[in-house]
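The values are calculated or read from the model by the stated rules, or taken from the named source; none is laboratory data. Keep in mind the model is a prediction, meaning the values are calculated, not measured. Quick reminder, even Gly has a Cβ in these numbers, built from the backbone with ideal geometry, and neighbours come from all protein chains shown.
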Amino acid sequence: MPAKKGFSAAPDPAVAVSELLRQIGQPAMALVVFFASPSYDRPALASAIKSQMPGVEVIGCTTAGEITSEGYRENTIAGVSFGRDDYKASTRLISHLDRFRMEHGKIFLPILAWRRRPCARSHISCSACSSLTA
């Protein structure tokens, strides 16, 4: 399935994530990318994302304004989802981003590639099985 985009202006993080998910949700999401206003309570937003999108790779950031289908907005959450049939994704947390240098990225490439290697059980890329296969 192609990428799907959406946004929510709901002030409550759980409601906003629910509204966003109604627009961008699709079976077997490979990745969700979101851009959220800093007005959202970040721990509550993280909790809502984790509980409403279990098992989905999610990355996001706060913004100084969000670009939506209605143009530039503030105090919203905007996002896009990518379906597994058309996209592959692998994420990794980079701690201490303030000390990260581009040359450090070379460390992550083999790790991310290993996580996306073909699954011996199903002959497809499978991050869930990557720790089970040699």
> Going through the range 49-63 one residue at a time, which ones are of a type outside the set (Lys, Arg) and closer than 22 Å to ILE94 by Cα?
Replying inline: ILE49, MET53, PRO54, GLY55, VAL56, GLU57, VAL58, ILE59, GLY60, CYS61, THR62, THR63
> Restricting the range 72-97 to residues that are among the polar types (S, T, N, Q) and modelled with pLDDT of 80 or more, which is nearest to MET53 (Cα to Cα)?
Replying inline: SER81
> Of the residues in the range 12-61, how many are surrounded by 15 or more Cβ atoms within 10 Å (Cβ to Cβ) and assigned to a strand (DSSP E or B)?
Replying inline: 10
>> Suppose we keep only residues that are of a type in the set (A, V, I, L, M), surrounded by fewer than 10 Cβ atoms within 10 Å (Cβ to Cβ) and not in a loop (DSSP other than H, G, I, E, B) within the range 67-106. Which one would you say is nearest to the chain's Cα centre (by Cα)?
In response: LEU97
>> Cβ-Cβ under 8 Å, sequence separation 6+ or interchain: first residue in the range 83-95 and farther than 18 Å from GLY60 by Cα, partner assigned to a loop (DSSP other than H, G, I, E, B) and modelled with pLDDT under 75. Which pairs?
In response: ASP85/MET1; ASP86/MET1
